[in-house]
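The values are calculated or read from the model by the stated rules, or taken from the named source; none is laboratory data. No experiment lies behind these values; they were computed from the predicted model shown. Don't worry about glycine lacking a Cβ; one is built from the backbone with ideal geometry, like all the others, and counts go over all protein chains shown.
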Amino acid sequence: MPWTVQYDPENTLVVVNGSGEIRDGDASAQTAEAIYFLNQNQSNGVLVDFSDALSEVSLPRLYRLPDYFSELGAPWNVRIAVLLPRTAYRLETYHARNSFCL
């Protein structure tokens, strides 16, 4: 698996680390796991580190992630920071509507 999701109690946030190719199924699974950790730990912060990742997530899937986030019961006040890939490969996928990516 080219990614992990875990809770960082010291910083009270959920950390998603990705490397290699990240596909549609990965994006859905990462979102579900992140929401689980947010709710379990009553956190509202997410750090997505895709600095070593290559996004193969389709734009329709990416655009749907905010709705999926809500459907899964994410807290309404979540703040998400995304570290973009070091390479410019498909960089446009990280500039989705709502500036949301997970």
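Here segment 58-102 is the region considered, the condition is being over 20 Å from TRP3 (Cα atoms) and of a type in the set (S, T, N, Q), and the residue that is modelled with the highest pLDDT is ASN77. GLN42 meets all of the listed conditions (1) crowded, with 18+ Cβ neighbours inside 10 Å; (2) at pLDDT 95 or above but one, namely (1).
Residues of segment 39-69 that are over 12 Å from the mean Cα position of the chain (by Cα), more than 22 Å from ARG86 (Cβ to Cβ) and in a helix (DSSP H, G or I): ASN39, GLN40, ASN41, PRO60, ARG61, TYR63, ARG64, ASP67. Within segment 15-31, the only residue that satisfies the criterion of being within 11 Å of the chain's Cα centre (by Cα) and surrounded by fewer than 16 Cβ atoms within 10 Å (Cβ to Cβ) is ALA29. Hey, does segment 48-64 have a residue that's touching a Ser or Thr at 6+ places or on another chain (Cβ under 8 Å), among the small types (Gly, Ala, Ser) and crowded, with 18+ Cβ neighbours inside 10 Å? Checked against the condition, which is being touching a Ser or Thr at 6+ places or on another chain (Cβ under 8 Å), among the small types (Gly, Ala, Ser) and crowded, with 18+ Cβ neighbours inside 10 Å, segment 48-64 yields at least one hit. Whether a residue is of a type in the set (Val, Ile, Thr), over 10 Å from the mean Cα position of the chain (by Cα) and assigned to a strand (DSSP E or B) was assessed, and THR87 does not pass this test. So which residues in segment 30-57 are closer than 16 Å to TRP76 by Cβ and aliphatic (A, V, I, L, M), if there are any at all? Listed by number, the residues that qualify are ALA34, ILE35, LEU38, VAL46.
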